[in-house]
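Undergrad: Below is the structure I would like to discuss, written out as structure tokens.
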Amino acid sequence: MHRVLIVDDEPFIIEGLYYIIDWAGLGLTIVGHAANGEAALQQLAAQQVDILITDISMPVMGGLELIRRAREAYPSLKIVVLSGYDEFDYLKQAMRSGIENYLLKPVNVEELRSTMASTVDKLRTSVSDRWTDEDVDILRHAIVYRWLTGAISPRELKERATALELPILARHYLAALIRSSQPSESDYRAARACVHHPQTLVLPNLTGETIVLYAAEEPEDMKALALAQLKPLLTELEGPVYLALGTVVEGARAAQVTYEQALDAVQYRLLHPGGGVLDYEALHQQEGEGEADMPAWEVYARLIAMRDKLQLDEQIAADIQRLLTQPGMTPSGLRHAAVELIVRFKTELQQLRSLEEPELYREELQQAAASASVIELTQVVQRVAGQTIDALAKSVKSPVVEQVLARIAADYRQSLSLKTLGQEYKVHPVYLGQLFHKEMGESFTEYLNRYRIDQAKQLLRNSNSKVQEIAREVGYWETGYFYKQFKKHVGVSPMDYRELT
């Protein structure tokens, strides 16, 4: 383990740093902390320290003096500045002292983690303690990333771009993102090899893509240049590979816009599993405003009742593919449709087991909302479907009760009673009612009414049908009785429920 000493006069900053990242996972351990430079020098003399993280402004002895004296006494010590001061003079002085990075408060977790990982690599490979070309690149990348994410002022950007010789001060900008199936440093190196333009920057993104930022005085041909230089990567890198493009924007302040557009475009890889160019402008011209045409739940309910996992998997895959080709479909729309399906599986299971389970499928819901590919999205929904069937198989032991549940799911609109079902399944209706209540925790009539009311709630939310029509649709031929049952189960009338939702 490499040893870290933290120096800051604000106790809550020190406390936060202890827990903000997984130090042990990076091969690091915090061996102590100090409130000023003088106390830090005492600790450096008393124990081995590999990395010093220090603030600039502190009482007794400030960070710059600490860095100077620590550098003289411990030449191999790695130093990272974490400061609330964003003045350029501090950066220049710290750079001359040979620091690893200059991070601003409040700390960016990913930037801190990346800096620590890079510093550990240097310690492990015994890189000489000097400001190398690689060090300058890391600092350049940090400045550009802060610019693209709106975390740096125009004045500071201009100063640092000049000092670091960043070729980014131009009139127009275009951001592109390269995303392969297995993002790695080789993607970044390949992109750098493809780009031959004096005002273009290539840097790794924290989310796995490689950022290519074009800068030019005139907007003409910027997109054509990006396509000509970067499209070869679609076949060179490990596929599927995506090239996402923002739009050409004017002014340094708008660079964040083209970067965010490229980030938006790369999300469309969910709808284009084969890779290719994802042009923000073209994608949003095709985008529709309608909601996803959700599949009929009755099909799923029947397959669940039949415990047919294979056919259920096929149905899910077919429906997601159908949604994928729906005109105007967006990544968020497809994810939302998958989330709705999972919620329906959850509701179905809770209804059949008569239990409220808030944590049920929470992890799967999060996975569906963050899925990056159609295959991943499909597999999450299929896994939920399989778990639903398995849970029902464990929770309902009696075959005849399973038959009753399946019959309700398929024919809840019809007139159903224990007498008719008992005759059909050759079971005495009294015994059937007792068995149903024992295994389901409620009577047959209570379960049937609750199931019908749940279907009515969905129709009230998702259709414009009249209340009388909905009552008949879910099996109530007397509207007054439907109102009574609805208020009993929901607490409000059907009309009030529709207005509330």
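Undergrad: Please specify each residue of region 251-274 satisfying the condition of being more than 21 Å from L206 (Cα to Cα) and either hydrophobic (A, V, I, L, M, F, W, C) or crowded, with 16+ Cβ neighbours inside 10 Å (or both).
TA: Result: A252, L271, H272.
Undergrad: Let me ask something else. Inspect all residues belonging to region 299-310 and state whether any of them is at pLDDT 90 or above, at negative phi and part of a helix (DSSP H, G or I). Before you say what the answer is, go through the steps one by one.
TA: First pass over region 299-310, keeping only residues at pLDDT 90 or above: none.
The answer is no, given that none of the residues of region 299-310 is at pLDDT 90 or above, at negative phi and part of a helix (DSSP H, G or I).
Undergrad: How about region 223-245: which of its residues are within 24 Å of Q256 (Cβ to Cβ) and either without any contact (Cβ under 8 Å) to a residue 40 or more places away in the chain or surrounded by fewer than 20 Cβ atoms within 10 Å (Cβ to Cβ) (or both)?
TA: Residues satisfying the conditions are K223, A224, L225, L227, Q229.
Okay, residues lined up against (1) buried (at least 16 other Cβ atoms within 10 Å of the Cβ); (2) at pLDDT 90 or above:
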residue	(1), (2)
A39	yes, yes
V49	yes, yes
S57	no, no
V60	no, yes
L64	yes, no
I67	yes, yes
L82	yes, no
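Undergrad: Give T501, T479 a once-over and let me know the one that is over 41 Å from the mean Cα position of the chain (by Cα), surrounded by fewer than 17 Cβ atoms within 10 Å (Cβ to Cβ) and hydroxyl-bearing (S, T, Y). Even if it seems obvious, please write down each step before you answer.
TA: Working: T501 fails: over 41 Å from the mean Cα position of the chain (by Cα).
After applying the criteria, what remains is T479.
Undergrad: Look at region 426-444 and say how many of its residues are assigned to a helix (DSSP H, G or I), surrounded by fewer than 14 Cβ atoms within 10 Å (Cβ to Cβ) and under 46 Å from the mean Cα position of the chain (by Cα).
TA: 1
Undergrad: For region 454-472: of the residues being farther than 21 Å from V343 by Cβ and at pLDDT 90 or above, which is surrounded by the most Cβ atoms within 10 Å (Cβ to Cβ)?
TA: Here the residue is A471.
Undergrad: Please verify whether L91 is assigned by TED's automatic domain parsing to the domain that holds R113 and at pLDDT 85 or above, treating the condition exactly as stated. Explain how you work it out, then say what you get.
TA: Working: assigned by TED's automatic domain parsing to the domain that holds R113: yes; at pLDDT 85 or above: no.
Considered against the rule, which asks whether it is assigned by TED's automatic domain parsing to the domain that holds R113 and at pLDDT 85 or above, L91 comes out as no.
Undergrad: Run down A176, A190, A161 and say which single residue is assigned to a helix (DSSP H, G or I) and in the same structural domain as A255 (by TED's automatic domain parsing). Reasoning before the result, please.
TA: Values: A176 fails: assigned to a helix (DSSP H, G or I); A161 fails: in the same structural domain as A255 (by TED's automatic domain parsing).
Sole residue among the options that is assigned to a helix (DSSP H, G or I) and in the same structural domain as A255 (by TED's automatic domain parsing): A190.
Undergrad: Of (1) in contact with a helix residue (DSSP H, G or I) (Cβ under 9 Å, 6 or more places away or on another chain); (2) hydrophobic (A, V, I, L, M, F, W, C); (3) surrounded by 15 or more Cβ atoms within 10 Å (Cβ to Cβ), I20 satisfies all except one. Which?
TA: Condition (3) is where I20 drops out.
Undergrad: If I ask for residues that are assigned to a loop (DSSP other than H, G, I, E, B) and without any contact (Cβ under 8 Å) to a residue 40 or more places away in the chain, which ones from region 463-501 would you list?
TA: S463, N464, S465, K466, Y476, W477, E478, G491, V492, S493, listed by residue number.
Undergrad: Over 17 Å from the mean Cα position of the chain (by Cα), part of a loop (DSSP other than H, G, I, E, B), modelled with pLDDT of 85 or more and surrounded by fewer than 15 Cβ atoms within 10 Å (Cβ to Cβ): which single residue out of Q321, Q414 fits that description? Give the steps one after another, and end with the answer.
TA: Working: Q321 fails: part of a loop (DSSP other than H, G, I, E, B).
So the residue among Q321, Q414 that is over 17 Å from the mean Cα position of the chain (by Cα), part of a loop (DSSP other than H, G, I, E, B), modelled with pLDDT of 85 or more and surrounded by fewer than 15 Cβ atoms within 10 Å (Cβ to Cβ) is Q414.
Undergrad: Please verify whether region 10-19 includes one or more residues that are in a loop (DSSP other than H, G, I, E, B), among the charged types (D, E, K, R), in contact (Cβ under 8 Å) with a residue 12 or more places away in the chain and in contact with a Ser or Thr (Cβ under 8 Å, 6 or more places away or on another chain).
TA: Restricting attention to region 10-19, the residues satisfying the condition of being in a loop (DSSP other than H, G, I, E, B) are 10.
Then keep just the ones that are among the charged types (D, E, K, R); that gives 10.
Keeping just the survivors that are in contact (Cβ under 8 Å) with a residue 12 or more places away in the chain gives 10.
With in contact with a Ser or Thr (Cβ under 8 Å, 6 or more places away or on another chain) added as a condition, the list becomes none.
No, region 10-19 contains no residue that is in a loop (DSSP other than H, G, I, E, B), among the charged types (D, E, K, R), in contact (Cβ under 8 Å) with a residue 12 or more places away in the chain and in contact with a Ser or Thr (Cβ under 8 Å, 6 or more places away or on another chain).
Undergrad: Could you check, for region 429-443, whether at least one of its residues is under 18 Å from K346 (Cα atoms) and out of contact with any Cys (no Cβ under 7 Å at 6 or more places or on another chain)?
TA: Pass one, region 429-443, residues under 18 Å from K346 (Cα atoms): 440.
Next, only the ones that are out of contact with any Cys (no Cβ under 7 Å at 6 or more places or on another chain) stay: 440.
Yes; the residues of region 429-443 include at least one that is under 18 Å from K346 (Cα atoms) and out of contact with any Cys (no Cβ under 7 Å at 6 or more places or on another chain).
One line per residue, one yes/no per condition, for (1) farther than 22 Å from S373 by Cβ; (2) out of contact with any Ser or Thr (no Cβ under 9 Å at 6 or more places or on another chain); (3) of a type in the set (D, E, K, R):
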| position | (1), (2), (3) |
| --- | --- |
| D187 | no, no, yes |
| R192 | yes, no, yes |
| H196 | yes, yes, no |
| V202 | yes, no, no |
| N205 | no, yes, no |
| T210 | no, no, no |
| L213 | yes, no, no |
| E218 | yes, yes, yes |
| D221 | yes, yes, yes |
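Undergrad: Listed residues L405, L421, L377, L365; which is crowded, with 20+ Cβ neighbours inside 10 Å, within 20 Å of the chain's Cα centre (by Cα), modelled with pLDDT of 85 or more and of a type outside the set (F, W, Y)?
TA: Details: L405 fails: within 20 Å of the chain's Cα centre (by Cα); L421 fails: within 20 Å of the chain's Cα centre (by Cα); L365 fails: crowded, with 20+ Cβ neighbours inside 10 Å.
Result: L377 is the single residue among L405, L421, L377, L365 that is crowded, with 20+ Cβ neighbours inside 10 Å, within 20 Å of the chain's Cα centre (by Cα), modelled with pLDDT of 85 or more and of a type outside the set (F, W, Y).
Undergrad: I've got another one for you. Go through (1) crowded, with 20+ Cβ neighbours inside 10 Å; (2) outside any strand (DSSP E or B); (3) touching a residue at least 60 places away in the same chain (Cβ under 8 Å) and name the single condition E156 misses.
TA: The one condition E156 does not meet is (1).
Undergrad: Still on this structure: Can you find a residue that is farther than 20 Å from N108 by Cα, of a type in the set (S, T, Y) and either assigned to a loop (DSSP other than H, G, I, E, B) or in contact with an Asp or Glu (Cβ under 9 Å, 6 or more places away or on another chain) (or both) anywhere in region 64-75? Even if it seems obvious, please write down each step before you answer.
TA: Of region 64-75, the ones farther than 20 Å from N108 by Cα are 64-75.
Checking the rest, the ones that are also of a type in the set (S, T, Y) come to 74.
Next, only the ones that are either assigned to a loop (DSSP other than H, G, I, E, B) or in contact with an Asp or Glu (Cβ under 9 Å, 6 or more places away or on another chain) (or both) stay: 74.
Yes; the residues of region 64-75 include at least one that is farther than 20 Å from N108 by Cα, of a type in the set (S, T, Y) and either assigned to a loop (DSSP other than H, G, I, E, B) or in contact with an Asp or Glu (Cβ under 9 Å, 6 or more places away or on another chain) (or both).
Undergrad: Hey, another quick one. Across region 189-222, what is the number of residues that are surrounded by 20 or more Cβ atoms within 10 Å (Cβ to Cβ) and of a type in the set (D, E)?
TA: 1
Undergrad: While we're here: Any residue at all in region 110-119 that's modelled with pLDDT under 85, in a helix (DSSP H, G or I) and loosely packed, with under 14 Cβ neighbours inside 10 Å?
TA: Checking region 110-119: not a single residue is modelled with pLDDT under 85, in a helix (DSSP H, G or I) and loosely packed, with under 14 Cβ neighbours inside 10 Å.
The values are calculated or read from the model by the stated rules, or taken from the named source; none is laboratory data. Values in this document were obtained by computation on a predicted structure and should not be read as measured data. Using ideal geometry, Cβ is built from the backbone for each residue, glycine included, and neighbour counts are taken over all protein chains shown.
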